[in-house]
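First comes the structure, then the notes that go with it.
The values are calculated or read from the model by the stated rules, or taken from the named source; none is laboratory data. Given the structure is predicted, the values throughout are model-derived calculations rather than measurements. Here Cβ is always computed from backbone atoms with ideal geometry, including for glycine, and neighbour counts include all displayed protein chains. What goes into the accessible areas is simple: the full protein's heavy atoms, side chains included, and nothing from ligands, DNA or RNA. Shrake-Rupley method; radii C 1.70, N 1.55, O 1.52, S 1.80 Å.
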Amino acid sequence: MSEQHSKPDNSKMITRLLASVVLMFAFGFALVPLYEKFCEVTGFNGRTNNSAAAGSDGNLVDTTRLVTIEFHTRVNRGLPWEFSSEVRRLQVHPGETTTVNFTATNRTGRDMTGQALPSVAPGEAAPYLLKTECFCFQNQPLAAGDTAVMPMQFYVDPDIPNHIRTFTLSYMMYDMTEAAAQGRVVVDTSE
Amino acid sequence: MSTVVDTHHEHDDHHDHKPTGIKRWLFTTNHKDIGSLYLLFSFLMFFAGGTMALVIRAELFQPGMQIVDPHFFNQMTTMHGLIMVFGAVMPAFTGLANWMIPMMIGAPDMALPRMNNWSFWILPFAFIIMLSSMLMPGGGPAFGWTFYAPLSTTYSTDSTALFVFAIHIMGISSIMGAINVIVTIMNMRAPGMTYMRMPLFVWTWFITAFLLIAVMPVLAGVVTMVLTDKYFATSFFDAAGGGDPVLFQHLFWFFGHPEVYIMILPSFGIVSAIIPAFARKPLFGYASMVYATAAIAGLSFLVWAHHMFTTGMPVFASLFFMYMTMLIAVPTGVKIFNWVSTMWRGSMTFEPPMLFALAFVILFTIGGFSGIMLAITPVDFQYHDTYFVVAHFHYVLVSGAVFSIMAAAYYWLPKWSGFMPDEGLAKLHFWCSVISVNILFFPMHFVGLAGMPRRIPDYALQFADINAIVSVGAFLFGFSQLIFLAVVVKCMAKKGQAAVAKPWEGAEGLEWDVPSPAPYHTFDTPPKIEAPIR
Ligand code: HEM
Ligand SMILES: [Cu+2]
C-alpha cells in the first residue's frame, strides 16, 4: 500500500501519456509505408514490381506446365483514351520470356499524360509475375490524337506454386496530365 | 462489507461557494459540474441524432422516394452515425466518468481539473462546426460515418474540411478526457483503494482510457490524410498516385474496432455495479471481470479486418481475423456468465436501473450473437453492408451501450439530483423502450438476410412490410425517450421524493457514503478503505 503514500507526480505521467499520443499519431502514418512494404512482399493487394526485374535464366524454363494469363485493360472514369492489349489471354511456361503489346490512343484534341497501374488477381500470384520491361514503369505522354504501341516484357517466376494455373493482369490507365505538368513523380522508379 | 472510516468530514457551506449563472458553468473545474455538462450535452445530441434517425425512417417507411432527396438522405445517415458515436455515447460515458470516478475512488476531484474544463468546452464547438457544415453549398458530409475514401476525398464536397476539423477537436477532447481519467485513477485513489479493490466501473473506464489514447491519434491521422488527399495533392488513398483506397479501410478500422469497445466497456462497468446492487449479492468473479475486460481490449486491436472481408483479402488473413474475432466472444461470454451468476439465487428486485441492466444483458447478448455470425467470413459476404449489420450494431449500441447509460442515469440520479427518479414514469419509459427497440431493430435482421442494402434511400418492394414495421418501431422508440426526458427534468426541477444517501438497499461503493445530492466537494479528506467494497 506504499503507493498510496508516495507523492503523486502528475506531470511525469502526463508527459508519458502525451508522448504515447504523439507516438500513436506517428504510428498511424508509419502504417502507410509498412502497408506498402507488406503488400510488395506478399502481393496482398495485387501490386507487381514497378521497376525492371532481372531477366529470366533461360535454363530454368519449366516446360512441364503452362500458366494462363488473362489481360484486362481499363481507362479511369472520364479519361477519353482507348487502351487495349493485343491479346486477351496467353499461355506461357514458367520462366519463358514473352512480350505483349498494349495500344493507347489519345482521342482528345490536347496533349495528355497517362499512367497505367497494374494489379494482379489473385494477389497470391503477384510476386511471381516479373516484368523485365514495361510501359507502366513510366508515364505515357500522348500528343493529341496520337496512338502509341507499348510493349510489356515479362516472365513468370518458375517458383510459382502449382495450384496457380490462371491469373489476371489488369491495367488501369489514369489521367496524369496535371500531375505531370506540376512535376510530381507518380510512380517511383528509383528502386 | 464496506468499511469506510472517516467519511464524516466537513460538508460545510463555506466549501460550496461557487460562481453563479453562466460563469459557473463556463469556468467550472468541478468534476460534478463538468460531469453534468457532459451528460446534458450528450442528452441534447441524443435527441439531435435521434431526429435524424427519424428522418431516415420516415423516408424508408415506404419504398420509393417521398420525403428527402438521396443526397440529403446520405447526409442524414452520416450525421446520425457521427453524432450518436461522438456526440451521444462517448460524452455520456465521459460525463459518468467525471461524476463517478472521483467519488468511487475517494478522490476530491479529477486530477487535472482545468484540462477537464477544456476537454468539455471544445466539444460543443466541434459539433457546431460539424452540424453547420450541412448548410454549405453541396451539403454536409454524406459519405457515411466511416468516411471511406474515395467517397470522402475525390467525391466529397468542401464541407469535408470542416468535418476533418470537427473530428480533430472531438479527438483532442477525448484524448484529454482519457489522460485525465488515467492520471486520476493512478494518482488519486484513497488510501487502501488498491487496484483490485476499485469498482468495475472504474476499472472498465481505466482500460477504455488506454484504448482512447491508443486509437484516437490514429483517427486523427486518417482524417488528416483524407484532408491532404483532397486538398494538398497527396495520394495516400488514391490509386492513380500510387496510393491504395483499401489502406484507408485498414487505418480506419484499426481505430474503428477498438472504438466500438470504447463504447461498450464502460457499459460493462455500469452493469457490474447495478446487478449486484439489485440482486443483493456481491459481483460474481470480480477478478475475472477485470481480466476479461483487459483481454477484450487487447484483442480488439487484432480483429479490425472483420469489417473488410469483402475487400478481397487473402484467405489466410481472412481466417486469422475470423478466428481472432471469435476469440473475443470468450471473454465477453465470461462477463455474461458472471452477471447471470451474480443474479443466481440473489434476492432480486426490479427497480428501473435493474430493469435496464437486465435488458442490457439479454439484448447485448443478441447483438453479440449476430456479431459472431458476421465474423464467419464466408457468410459475411452475404451479410456485409446489409441491414443485418445495422441490426447487429444497433443491438450492441442502442440496447447495449445506450440502455446501460439509461440504467446508470436511473441508478445515480438520486445521488446527482437528490431526488428519486419518478418510478412510475421510469418503468413506463423502460417498457416502452424495450418493446419498441425490438420492433425497431429485430426485423432488420430479416430484411438484411434477404439482401436489403444499408445506406440506400429506396428499396425493393418485397421489403416494404418489414420496413413499415421498423419505422413504426423507430417512432415509438424515439417518442418513448421523451418520458426519459420528463423523468430527468423532474429530478432536475427537484420534484418528487427526496433521496437518502443510499437509496438502493443493496448498493455498494463510496458514492453512497456521501449525502444525496452529493455536496459540491466530496472526500476533501480521503476516506480510508480497509476492506474491498463490492
Ligand atoms: C462478440 C462480439 C462482436 C463480434 C463478433 C462483432 C463482429 C462484427 C463484425 C464481423 C462486423 C462487420 C460486419 C460487416 O460489415 O459485414 C461488425 C460490425 C459492427 N459492429 Fe460488431 N461485433 C461484436 C461486438 C460489437 C460491439 C460490442 C459493438 C459496439 C458496442 C459493435 C459495433 C459494431 C459496429 C458499429 C459495426 C458496424 C460498423 C459499420 O460498418 O458501420 N460490435 N461487428
Ligand atoms: Cu469490429
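The set of residues in the range A:109-126 being open to solvent by 30 Å² or more (accessible area, probe 1.4 Å) and in contact with a strand residue (DSSP E or B) (Cβ under 9 Å, 6 or more places away or on another chain) consists of A:Asp111, A:Leu117, A:Ser119, A:Ala121, A:Pro122, A:Glu124.
Residues in the range B:445-474 that are under 18 Å from B:Thr77 (Cβ atoms), surrounded by fewer than 16 Cβ atoms within 10 Å (Cβ to Cβ) and more than 27 Å from the chain's Cα centre (by Cα): B:Asp458 only. Is it the case that some residue within the range B:173-188 is free of Cβ contacts under 8 Å to residues at least 40 places away in the same chain and away from chain A (no Cβ under 11 Å)? There is no residue in the range B:173-188 that is free of Cβ contacts under 8 Å to residues at least 40 places away in the same chain and away from chain A (no Cβ under 11 Å). Among the residues of the range B:234-271, the ones that are of a type in the set (Ser, Thr, Tyr) and open to solvent by less than 10 Å² (accessible area, probe 1.4 Å) come to 1 in all.
Listed by position, the helices (runs of 4 or more DSSP H) inside the range B:234-329 whose residues that are away from ligand 2 (no atom under 16 Å from the Cβ) and within 14 Å of chain A (Cβ to nearest Cβ) number at least 1 are B:245-262. In the range B:285-307, the residues that are open to solvent by less than 10 Å² (accessible area, probe 1.4 Å) and hydroxyl-bearing (Ser, Thr, Tyr) form Cβ pairs under 8 Å with partners that are within 16 Å of ligand 2 (Cβ to nearest atom) and part of a helix (DSSP H, G or I), at six or more places apart or across chains, as follows: B:Thr293/B:Leu265; B:Thr293/B:Pro331; B:Ser300/B:Leu211; B:Ser300/B:His257; B:Ser300/B:Pro258; B:Ser300/B:Val260; B:Ser300/B:Tyr261; B:Ser300/B:Ile328.
To keep it simple, each residue is scored yes or no on (1) within 16 Å of ligand 1 (Cβ to nearest atom); (2) not hydrophobic (A, V, I, L, M, F, W, C).
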| site | (1), (2) |
| --- | --- |
| B:Arg114 | no, yes |
| B:Leu131 | no, no |
| B:Gly138 | no, yes |
| B:Phe143 | yes, no |
| B:Ala161 | no, no |
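Could you tell me whether any residue of the range B:141-151 is over 21 Å from B:Gly49 (Cβ atoms), away from ligand 2 (no atom under 16 Å from the Cβ) and of a type in the set (Gly, Ala, Ser)? Yes, the range B:141-151 contains a residue that is over 21 Å from B:Gly49 (Cβ atoms), away from ligand 2 (no atom under 16 Å from the Cβ) and of a type in the set (Gly, Ala, Ser). Looking only at residues of the range B:365-383 that are more than 6 Å from ligand 1 (Cβ to nearest atom) and without any contact (Cβ under 8 Å) to a residue 60 or more places away in the chain, we find that the one that is least open to solvent (accessible area, probe 1.4 Å) is B:Gly367. The condition of being modelled with pLDDT under 95, more than 28 Å from B:Arg280 (Cα to Cα) and either within 10 Å of ligand 1 (Cβ to nearest atom) or crowded, with 21+ Cβ neighbours inside 10 Å (or both) does not hold for B:Thr386.
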